[in-house]
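We did not get these values from a lab; they are worked out from the coordinates using the rules stated. Keep in mind the model is a prediction, meaning the values are calculated, not measured. Here the Cβ positions follow ideal geometry from the backbone for every residue, glycine too, while neighbour counts run over all protein chains shown.
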Amino acid sequence: MISQQPSVRAVHRSGGGTGRRGRRAPRILLSALALACLAAAPAARADCFDDAALYHHVNPLILRAIAMVESNDTPSAVNHNTNGSYDLGEMQINSTHLPELEHYGMTSGDLFDSCKSIYTGAWILRRMMDKYGNTWDAIGAYNSSTPYYRDRYAAKVQAAVRKLLAAGYGAPGAPR
C-alpha cells in the first residue's frame, strides 16, 4: 500500500521560516499529522476490507464477518492448533500457507499487519470460491474443507453477517 501522507521533509519545508514561530510550526504540524493519522487509522483499515474485496472479487461484508469470527478483529491474534500449525493475524492465516506466501515476499510477521492479513484472507477466500463456487461451502472452507467443520464455520460467519447488518454495515452511508 502506498502512503498518501506527506514526508517529514515536506512538513518541515511547509513550516519553514525563521524566528520562534517558524521553528515551532514544524512541531505543531507533526503533532497534527500524528493525530490525523491516529484518527484515520480505523478508516484506513476499513478501506483495506473494501480494497481487498474489490481486488479479489469477494464480498467485503463476508470478509469483515470472517475477521470477526477468526480473531474478533484483533490484528495481533495468534492461535496454536492441536495439529502443530498456527494461525496468525486478524484473518488467522494458517501457517500451512506460509511457504506459498514466501514466494510473494511475505513473512509470518507481515500477517500482523491488518491490511496484509485482510488481503491474504481475501486471496484465500477467492481460492475457496473458485473451488466451491459462490456458496456458503466456500466460506466455510476458508476454515476447513471437512464438511462438519466447514458447515459449523459457515454458520458462525452467517451469524456475524447478521450482526454486521443489524449494526448498519453494508448500508449506504453506514460506518465501515
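Observations, loosely collected:
- All of 132, 86, 149, 142 fail the test of being hydroxyl-bearing (Ser, Thr, Tyr), more than 18 Å from residue 50 (Cα to Cα), surrounded by fewer than 18 Cβ atoms within 10 Å (Cβ to Cβ) and under 21 Å from the mean Cα position of the chain (by Cα), apart from 86.
- Residues satisfying the stated conditions in the stretch 46-85, i.e. farther than 12 Å from residue 160 by Cβ, touching a helix residue (DSSP H, G or I) at 6+ places or on another chain (Cβ under 8 Å) and part of a loop (DSSP other than H, G, I, E, B): 57, 58, 59, 75, 76, 77, 85
- Scan of the stretch 86-134 for residues that are of a type in the set (Phe, Trp, Tyr), more than 17 Å from residue 73 (Cα to Cα) and in a helix (DSSP H, G or I), ordered by number: 123, 132
- Filter result for residue 151 (among the acidic types (Asp, Glu), at negative phi and assigned to a strand (DSSP E or B)): no
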